[in-house]
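Worksheet: the structure to be examined is printed underneath.
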Amino acid sequence: MPEPLLDITGLTRTFGGGRSLLGIPKPGVHAVQRVDLQVARGETLGIVGESGCGKSTLARMLVGLDTPSGGEIRFAGEDLQAMRRLDRHALSRRIQYVFQDPLSSLNPRMRIRDILAAPLKHLRGLSGRALDARIAELLEVVNLRPEFVSRYPHEFSGGQAQRIGIARALAAEPDVLVLDEPVSALDVSVQAQVLKLLRRLKAEFDLTYLFISHDLSVVETISQRIAVMYFGRVVEEAPARRLFSQPAHPYTRLLLSSAPVPGGPPITAESTAAELPDPLDPPPGCAFAPRCPKARDACRQAPPPLEALSGGGHRAACLYPERGAWQASASTTATPGAS
Amino acid sequence: MMAFLKLLARNRLAAFGGILLLALVLLALITPLLPLLEPNATNPANRLQPPLSDGHWLGTDQLGRDILSRLLWGLRVSLAVGIAASLVAALIGSTIGLVAGYFGGRTDNTLMRGIDMLMAFPYILLALAIVAVLGPGLMNALYAIAIVNIPFFARNIRGATVSIAHREFVDAARLSGKGDLRILVSEILPNVLPVIVITLSTTVGWMILETAGLSFLGLGAQPPQADLGSMLGEGRRMIINAPHVATLPGLAIFLLVMSINLLGDGVRDALDPRLKSGALSRPAPMTRLRRRQHVKVDDVVRVPGQASALLEVDDLHTDFEVGRETYRAVNGVSFSLKPNECLGLVGESGSGKSVTALSLLGLVASPPGVISGGHVHFQGRDLLDLGIRELRRVRGNQVAYVFQDPLSTLHPLIKVGDQLIEALRTHQPLSRQAAHQRAVELLGQVRIPNPERRASQYPHELSGGMRQRVGIAMALANDPQLIIADEPTTALDVTVQAQILTLLKRLREAQGTSVLFITHDFGVVSQVCDRVAVMYAGRIVEVGPTQELLANPRHPYTRRLIDCVPRLGDPDHEPAAIPGLPPAANALPSGCAFADRCDLVEPRCREGEIALIASDGERQVRCIKPLANRTTTGAAHA
């Protein structure tokens, strides 16, 4: 693998914690724990996980909205934190963010023109006619009509608002876009439009995506590689097709078999109530062990490391990874001829 | 701005206050131009003249000064001091509030503890202390009153700022390269400005009173300067033999403050977004029913097969009347549900699926909702014709709802067990103890581990999945014949959703309950529903058995909607977007509502209403040329 564009090593974020005045350690929530990920230029890395798995915290650290408690993020070899200290705009020029809720990420009292002008002025130093020209260009890129510049956010539908959010991120001319559930708040028909746009933009501007979602099927259609997170850690990482055809971690298998597919096989559910471990008092071993049908004593001793499995770039944090193909897939469903 | 003035003018009291205040302000402004007597010219020979005496319309005071002239000059002073003090307090207080709310943490702590200390003093004592240090005088009184009122602004503005500082658009501004100062001024200030204006409009009156109070005590305006408060103070000594000297300034203060407060309340109501959306108008206990004549497009849709229907909805129309616009959310929906059947109602947001579900038991908020036509036959009667007392007996009893977000439908301050007991005892003559026992049983039935302990917990102590189980337990409490589940798993994680869907399936098999399942997710539909009705623009466009409908949709909209959805395990299937947007509910086109987005559209699609027609087997479709079965090369037309 050539030098990755983004190299994340041992990234950790703990909320709270530290010691009180009397030196008694306070409980801390480990939102992200020792995450290692590499993203190559031009790649789309999907990050999947359920609520509370730390995927959004990870995203916020990448764009500088949050500061890691430990570990480092390197962008093309440069340390991100050092980069931020030298120039607070340097990071925003390289990595941008698209929010989940398109409407709440747009200031209700600002016109679209002012929203799009902010990154152009502050990050790219544009003004006057060049600024106006660039705004018009950005709107065109995301398929919005030029007269929208003088409107307010509440006049837009969810899909249009998300396009504006994407245009704002592109205004900074970044190399990497971190997309945090960018289509989750949208209707399926609009979701498909936005996904199509994202695909086109990636090719057009040579972008690298980090696509975060709880929706496996959306991540599958857009990503080349996928990392599955559970309780603050990456539990499995593999090329997209491989992850869906031969998932190794029991949690990934659970996710896949829980997702209802139109016309697909019946889903299977865990028999006992699925509860995440207490984040203030995490278990010493694998966080998934209490829910895992294959857990043994060794699983409860220490968190299993993310180790390479046979087969290109497949890693799983499991002592007893599943092997072989995953049985249920859409190829057996009753919806033929849709390709 | 125009909308704001219009709203303000609609509030009669506020308009009255506004006009009165305008008159008073105008009067104060033109006072120097009026042919008035010199306000400070004394004339002891003419002292204490009653009102309407010669040359002195309102009489004279103890020094023989003209009261009318002093009143108008005093009004000027009081208004100026009150408004100036408010502006000073607003400026300093809002700045403190903005900074404290935005930066939070230590800054917030330091600033707000200072404000708390300021508030801990009785305000009049504080004002007195300030005047004592600075010496009496109008300017010093102004400072004192401004300082005393800073906490009021600081606290209000801080609250508003805190709620905005964590919104996503502030993060977005930061990523756009804006610094803190710029974010405060250009992003946050415009959003808290209404709060500042509201606070200002409700405090000006109070400030004028306080100024008058200080002057009354002799600490504000110094003689001989006229000021409403000092006039009142001087007149007080002659209240028995010359009541008009004190009464007239008192009346002036009353009118001034009342007009400001009436206007201030109006401004608050017009600016407050919560009040604007009608949060104060109490919704009726059931949706208003006002049947209008609708052209009936569909015949009554009979249940396929022999069994008689449990629920038969016939040509249901629900409108939202907002201002002069009528939004037709549900526009002639007919369907039926067999006993022990699960019917899925599928559609995108705005398709009318939830409004349909809520209309069945009159749960659409009125105003603005109106059921403008149709019938809901359930167990031999029309639910729409029931009075509120009879309807209450059906709600949560024979027909129960499960909502999307259990956190907002469960009462946060009541233990889940007690909420279940309430649901049980509303419809069944149970003792508290028996009801408790049944509640625990129900929690066990929805597979909540350790139900006895869970019953005594509050909703926030349960996870999202557990809360939804409680919601389902509550729906099951009175053995309903029909459960209406409105996106019950949309807010849940996929592994939890799997459990809830399995639970619903199992309960349906065990209890024989019918379910109307509202969702936007074809995957979920495919798991739980026997039949599916697809909605678009307030109408059902296609109905049929689930697997058949999913495999071979007949309506172009259904097919394109299914093709939009990415399919797990099939990454080569690129979701095909549907161009355009659904029509607005207040401007539905004639003919097929999907025509503008359909690639198979013909002129006759737009000519007149299109009925739901039987296509094949148990299937019906609202299309003049339904699609044939899918083939490997793509779909051909029928």
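Miscellaneous remarks
Results for (1) within 13 Å of chain A (Cβ to nearest Cβ); (2) over 30 Å from residue A:49 (Cα atoms); (3) among the hydrophobic types (A, V, I, L, M, F, W, C), shown as yes or no for each residue.
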residue	(1), (2), (3)
B:493	yes, no, no
B:498	yes, no, yes
B:507	no, no, yes
B:530	no, yes, no
B:550	yes, no, yes
B:563	yes, no, no
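- Of residues in segment B:411-449 being in contact with a Leu (Cβ under 9 Å, 6 or more places away or on another chain) and part of a loop (DSSP other than H, G, I, E, B), the one nearest to residue B:393 (Cα to Cα): B:430
- Whenever a residue of segment B:38-65 is more than 20 Å from residue B:233 (Cα to Cα), its partners that are of a type in the set (S, T, N, Q), lying with C-beta atoms within less than 6 angstrom and at least six residues away or across chains, give the pairs B:46/B:60; B:56/B:49.
- Of all the listed residues (A:271, A:217), the sole one being assigned to a helix (DSSP H, G or I) and facing another protein chain (nearest Cβ under 9 Å) is A:217.
- Failed item, numbered, when residue B:53 is tested on (1) loosely packed, with under 15 Cβ neighbours inside 10 Å; (2) of a type outside the set (A, V, I, L, M, F, W, C); (3) over 19 Å from residue B:248 (Cβ atoms): (3)
- So residue B:569, is it within 11 Å of another protein chain (Cβ to nearest Cβ) and either among the small types (Gly, Ala, Ser) or outside any loop (DSSP other than H, G, I, E, B) (or both): yes
- Verdict on residue B:366 being touching an Asp or Glu at 6+ places or on another chain (Cβ under 9 Å) and in a loop (DSSP other than H, G, I, E, B): no
- Filter result for residue B:470 (of a type in the set (Val, Ile, Thr) and in contact (Cβ under 8 Å) with a residue 24 or more places away in the chain): yes
- Qualifying residue in segment B:479-492 (condition: surrounded by 21 or more Cβ atoms within 10 Å (Cβ to Cβ) and farther than 28 Å from residue B:428 by Cα): yes
- Note on segment B:359-369: residues that are buried (at least 22 other Cβ atoms within 10 Å of the Cβ) and not polar (S, T, N, Q) total 5.
- Residue A:163 vs. criteria away from every other protein chain (no Cβ under 12 Å) and surrounded by fewer than 18 Cβ atoms within 10 Å (Cβ to Cβ): no
- Screening the candidates B:579, B:589 for the property of being within 11 Å of chain A (Cβ to nearest Cβ) and either in contact with a helix residue (DSSP H, G or I) (Cβ under 6 Å, 6 or more places away or on another chain) or surrounded by fewer than 19 Cβ atoms within 10 Å (Cβ to Cβ) (or both) yields one hit, B:579.
- Which numbered condition residue B:584 fails, given (1) away from chain A (no Cβ under 14 Å); (2) surrounded by fewer than 17 Cβ atoms within 10 Å (Cβ to Cβ); (3) assigned to a loop (DSSP other than H, G, I, E, B): (1)
- Whenever a residue of segment B:374-403 is surrounded by fewer than 17 Cβ atoms within 10 Å (Cβ to Cβ), its partners that are part of a strand (DSSP E or B) and β-branched (Val, Ile, Thr), lying with C-beta atoms within less than 7 angstrom and at least six residues away or across chains, give the pairs B:382/B:376.
- Matching residues, segment A:92-116, being within 9 Å of chain B (Cβ to nearest Cβ) and either without any contact (Cβ under 8 Å) to a residue 40 or more places away in the chain or of a type in the set (Phe, Trp, Tyr) (or both): A:97, A:99, A:104, A:114
Rundown of residues vs (1) of a type outside the set (A, V, I, L, M, F, W, C); (2) facing another protein chain (nearest Cβ under 10 Å); (3) part of a helix (DSSP H, G or I), yes/no style:
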position: B:169; (1), (2), (3): no, yes, yes
position: B:174; (1), (2), (3): yes, yes, yes
position: B:177; (1), (2), (3): yes, yes, no
position: B:182; (1), (2), (3): yes, yes, yes
position: B:185; (1), (2), (3): no, no, yes
position: B:191; (1), (2), (3): yes, yes, yes
position: B:194; (1), (2), (3): yes, yes, yes
position: B:199; (1), (2), (3): yes, no, yes
position: B:202; (1), (2), (3): yes, no, yes
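- Those residues of segment A:36-62 which are away from chain B (no Cβ under 14 Å) and either in contact with a Cys (Cβ under 8 Å, 6 or more places away or on another chain) or assigned to a helix (DSSP H, G or I) (or both), in sequence order: A:58
- Summed over segment A:153-169, residues that are of a type in the set (A, V, I, L, M, F, W, C) and in contact (Cβ under 8 Å) with a residue 60 or more places away in the chain total 3.
- Of the numbered criteria (1) within 14 Å of chain A (Cβ to nearest Cβ); (2) modelled with pLDDT of 90 or more; (3) part of a loop (DSSP other than H, G, I, E, B), the one residue B:456 fails is (1).
- Selection within segment A:1-35: residues that are assigned to a strand (DSSP E or B) and of a type in the set (Lys, Arg). The member of this set that is surrounded by the most Cβ atoms within 10 Å (Cβ to Cβ) is A:13.
- Candidate set from segment A:63-89 (those that are in contact with a strand residue (DSSP E or B) (Cβ under 9 Å, 6 or more places away or on another chain) and within 11 Å of chain B (Cβ to nearest Cβ)); member that is farthest from residue A:204 (Cα to Cα): A:66
- Taken over segment B:488-545, the criterion of being more than 32 Å from the chain's Cα centre (by Cα) and of a type in the set (Gly, Ala, Ser) is satisfied by B:498, B:510, B:512, B:514, B:523, B:526, B:544.
- Contact map, segment B:430-459: residues that are among the aromatic types (Phe, Trp, Tyr) paired with residues that are in a loop (DSSP other than H, G, I, E, B), Cβ distance under 8 Å, separation 6+ or inter-chain. Pairs shown: B:458/B:412; B:458/B:413; B:458/B:414; B:458/B:415.
- Test: residue in segment B:191-208 that is over 33 Å from the mean Cα position of the chain (by Cα), touching a residue at least 24 places away in the same chain (Cβ under 8 Å), at negative phi and crowded, with 20+ Cβ neighbours inside 10 Å: yes
- Residue check: residue B:62 meets all listed conditions (1) part of a loop (DSSP other than H, G, I, E, B); (2) within 30 Å of residue B:147 (Cα to Cα) but one, namely (2).
The values are calculated or read from the model by the stated rules, or taken from the named source; none is laboratory data. Because the structure is predicted, anything quoted here is derived from the model rather than measured. Backbone-built Cβ (ideal geometry, glycine too); neighbour counts: all protein chains shown.
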